[in-house]
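A.B. asks: Supplied in structure tokens, the structure appears directly below.
The values are calculated or read from the model by the stated rules, or taken from the named source; none is laboratory data. Since we're looking at a predicted model, the values are computed, not measured. Neighbour counts run over all protein chains shown; Cβ positions are idealised from the backbone, glycine included. Ligands, DNA and RNA are excluded from the accessible area calculation, which covers all protein heavy atoms including side chains. Shrake-Rupley method; radii C 1.70, N 1.55, O 1.52, S 1.80 Å.
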Amino acid sequence: VYATPEHLYLAVYEPGSGPWRVNSASAAGTRVHKFDLTESVARPVYDASGRVDGHVLNSFAMDDNGENFRIATTQFEGRNWTPSSNLFVMQQAANELMTVGEVTGIEPGEEIYSVRFMDDTAYIVTFFQMDPLFTFDLSDPQNPQQLGELEITGFSTYMHPLGSNHLIGIGEEVDPDSGIFEGMQISLFDVSDLTDPLMTDRVVIDTGWSWSEAMYDHHAFNYYGPLDMLTIPVNYEGAEYGSVSFAGLHAYEITPGNDILLMGEVDASALIDPTVEDYYGQYCAQVRRSVVIEDVVYAISAGGIIAAGIDDLASPYATLAFPDHGNCDQTWEWWM
């Protein structure tokens with residue numbers, strides 16, 4: 001689902017195999033339905049439908065800038081199901097969404113991991129063992145153009161605009177030779193020259209295993225502009241397999257042209273009863289969301305809320321533990 005104040009779009013994948021398949025594998029694709037949401041209608045009103053090849057990653061892979069609907073997809077072809085990606089521009093004609101411009105066959109062998117549209121520009125990240133960041137000019141809807149490519153290790157699963165000339169990416173760092181994931185990463189990209197995008201800095205949490213909910217859910221990604229501060233949940237792997245040594249929040253200062261600087265950490269482990277075994281205690285303590293109000297950061301988890309000043313995140317002002325954590329208070333024997 002993707003929506004603007006004026007329009008709602010539903011993207012429905014029609015597979016080439018299985019009980020809901022279309023007539024043939026070559027006809028597999030995504031059907032897009034457009035609805036009117038303007039104040040002139042009392043409820044959503046159906047406008048038009050269209051179809052493109054491939055499937056859509058998420059709502060960030062769709063965009064409406066007025067007359068043009070833009071959508072990025074990945075499709076799999078051949079007996080080996082080789083992926084490639086596409087970018088389509090569609091316009092409404094009567095009750096049909098027509099493709100008026102396209103870029104197809106983007107980086108064969110790789111599939112889309114993240115997309116971001118900004119005005120007449122699109123950014124697409126694909127991945128196999130390297131992470132190309134592609135830039136596209138959409139100013140001419142009938143002739144979209146790929147302008148630049150940046151090839152780096154790992155990949156970004158979410159991209160966030162920082163002003164008009166920079167992007168923050170969050171995802172995984174990957175060893176290009178072995179394909180082994182080396183830890184979560186945060187990257188800063190300079191896209192002021194669309195023909196030559198640059199990565200100006202990257203921070204990797206290389207503890208052997210690390211992750212953040214912000215990698216897969218943008219609601220956990222909180223960039224607070226007045227303080228140039230990014231706050232995200234972070235979890236580290238412990239020495240024992242399956243355990244977590246850190247569950248909490250990281251805060252970074254990120255500004256265009258400068259390095260990504262760690263401002264501090266909020267440890268949320270105290271929110272869970274220490275008698276609960278480490279595996280479930282730490283997972284339940286993990287931060288899910290964060291809020292910044294003036295100079296105070298609030299880290300919110302299933303276990304409770306921690307309030308800390310930005311100058312000393314390691315020494316919270318206050319902690320509120322929730323009295324009932326549901327299954328988080330159960331011991332290992334209960335789970336078995």
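A.B. asks: Could you give log10 I(q)/I(0) at q = 0.06 Å⁻¹ for the chain, computed by the Debye formula over C-alpha point scatterers of equal weight, without solvent?
C.D. replies: After summing over all Cα pairs, the log10 values are -0.26.
A.B. asks: Which of Phe155, Phe127, Phe322 ends up with the largest GNM mean-square fluctuation for the chain, with Cα atoms connected below 10 Å?
C.D. replies: With Cα springs under 10 Å in the chain, the top fluctuation among Phe155, Phe127, Phe322 is at Phe322.
A.B. asks: Between Met229, Val56, Ile306, whose Cα lies farthest towards the positive end of the dipole of the chain when Lys and Arg beta carbons carry +1 and Asp and Glu beta carbons carry -1, centred on the Cα centre?
C.D. replies: Val56
A.B. asks: Select from Thr73, Thr135, Thr195 the residue whose mean-square fluctuation is largest in a Gaussian network model of the chain (Cα-Cα springs shorter than 10 Å).
C.D. replies: Looking only at Thr73, Thr135, Thr195, the largest GNM fluctuation is found for Thr195.
A.B. asks: Give the accessible surface of the range 145-276 per residue, rounded to a whole number of Å², with probe radius 1.4 Å and ligands, DNA and RNA excluded.
C.D. replies: Spelled out: the 1.4 Å probe surface of the range 145-276, per residue, equals 42 Å².
A.B. asks: Can you tell me the dipole magnitude for the chain around its Cα centre, using point charges on the Cβ only (Lys, Arg +1; Asp, Glu -1), in Debye to the nearest 20?
C.D. replies: Roughly 1260 debye for the chain.
A.B. asks: Right, another one. Place +1 on the Cβ of every Lys and Arg and -1 on the Cβ of every Asp and Glu in the chain, take the dipole about the Cα centre, and give the residue among Phe127, Ser187, Pro176 whose Cα lies farthest towards its positive end.
C.D. replies: Farthest towards the positive pole: Phe127.
A.B. asks: Averaging sequence separations of C-alpha pairs under 8 Å and six or more residues apart, then dividing by the length of the chain, give the relative contact order as a whole percent.
C.D. replies: 7
A.B. asks: Can you give me the accessible area per residue for the range 1-123, using a 1.4 Å probe, in Å²?
C.D. replies: In whole numbers, the range 1-123 has 52 Å² accessible per residue.
A.B. asks: What value, in deg cm²/dmol to 500, does the helix sum -39500 (n - 2.57) over DSSP H runs of n ≥ 4 give at 222 nm once divided by the residues of the chain? If you can, show how the numbers build up before the last one.
C.D. replies: Details: 2 runs with 12 residues, N = 336.
Taking each H run of at least 4 residues, the total per residue is -1000 deg cm²/dmol.
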